[in-house]
1. Please list, in chain and number order, the residues 5+ apart from Leu107 or on another chain whose amide H is under 5 Å from its amide H, with Hs placed from the backbone.
2. Using a Förster radius of 30 Å, what is the FRET efficiency between Glu108 and His228 based on their Cβ-Cβ separation? Nearest 0.05, please.
3. Note the full-extension length gain between Arg164 and Arg184 as 0.36 nm times their separation in residues minus their Cα-Cα distance, in nm to one decimal.
4. How far apart, in nm, are the 7 Å Cα→Cβ label points at Glu152 and Arg45?
5. Checking the a/c ratio against 1.5 first, then a/b against b/c, what shape does the Cα gyration tensor give for the range 102-234?
6. What does the charge count around Ala221 come to, taking other residues whose C-beta lies under 14 Å from its C-beta (Lys +1, Arg +1, Asp -1, Glu -1)?
7. Net charge near Phe80, counting Lys/Arg +1 and Asp/Glu -1 over other residues with Cβ under 12 Å of its Cβ?
8. What are the ³J(HN,Hα) values, in whole Hz, obtained from phi via the Karplus relation 6.51 cos²θ - 1.76 cosθ + 1.60 with θ = phi - 60°, for each residue of the range 84-97 in sequence order, with x given for Gly and Pro?
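Here, each number is a calculation from the coordinates, and none is a lab measurement. The structure presented is a predicted model; accordingly, all values stated were derived computationally and were not measured. As a convention, Cβ positions derive from the backbone with ideal geometry for all residues, glycine included, and neighbour counts pool all protein chains shown.
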Amino acid sequence: MDGRDLVRRVRLVGSVRGLRTVRSAWRRRSADAAALPARGAERARVPGAVTGAEPGPGGGVVRFARSELRIRVSVGGAVFWAWDGAEPLPSYAVAGEAPAPDERAVLEPGKDGGWQVVAERLTVVVSRTGAVELRTPGGVLLRRELPPRWWEPVGGGPVRWVQRSEVPADARFFGLGGRAGGPRLRDGVYGLWNTDPGGRFGPGDDPLYLTMPVQMVVSDAGTHLAFHDNSWAG
C-alpha cells in the first residue's frame, strides 16, 4: 500500500460516515416536514383568573376565565390533572382501567383565592392564575407547574402549548424514553420525536427510536415521576 491508497481508504471511510449522517438528518427533516406543517398567524392564551370550582371524586374541577383544570387523586396516591376536559384514559401511563379516586381527598378553598386538594400522601395546590404545586404532607415543595400557555391558529387547527416546571435546586432528572446519552438528563434540550438514526449513534443523535414524555425527579424533598400524556412532537 502506498500513500495514495491510504488517502483513498481514509477518504472512503469518511465518505461513508458522512453519507450516514446526512441521510439520518434528511430522514429526520423529512419526517418533521411531513407531520409538522408550517403554522400561520396565532393567538397566545393563558388560563386567566380563577372563576370557581366544583368538587368531584378525589378532587374536582377548577374553572378559569379561558380554561378549566380537572384534578383527581387516586387511592394509591397518584395525581391526575388535565386541562380543558382531557380524561385519564386512554393513556400510555395506565395499563387497564384508571385507578379509583381517593374519596377522602376533597377540593377546598386555599390561600390567596386559590384551591387545594389535601390527600394522605401529598397536597395539590392550585393558584388563582393556574399554577399547580405538589407538596408533601409537611408542606415541602416537590414540583410546581406554572400556568400553561398555548397558541391558537387564527384560521383554526391544532393548538400548540408550553408547560414549564420548577423543582428543588438539588433535583436530578431521568427519563424521556430511549436517549443516546443515557437515562440521566444533563443540561440541554431534548426533543420528543421518534427517529431512526441508523447504524451506530452517539449522544448528539437524539431523539432515537422511542421517546416518551415521562420524567423521574430525585431530590432531598422526595422522588416523584411525572408523565405528560402527549403523543405528538415536543
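1. Residues meeting the amide H criterion: Gly56, Gly59.
2. On the way: r = 27 Å, r/R0 = 0.89.
Efficiency for this residue pair is about 0.65.
3. Details: separation 20, 0.36 × 20 = 7.20 nm, distance 1.94 nm.
Extending this stretch completely gives an extra 5.3 nm.
4. 0.4 nm
5. On the way: a/c = 2.63, a/b = 1.51, b/c = 1.75.
Oblate shape, in that a/c is at least 1.5 and b/c is the bigger or equal ratio.
6. Values: positive: Arg121, Arg135, Arg143, Arg144, Arg172; negative: Glu133, Glu166, Asp170, Asp220.
Computed value for this residue: +1.
7. Values: positive: Arg70, Arg72; negative: Glu87, Asp102, Asp229.
So the environment of Phe80 carries a net charge of -1.
8. 6, x, 5, 9, x, 10, x, 8, 5, 8, 10, 9, x, 6
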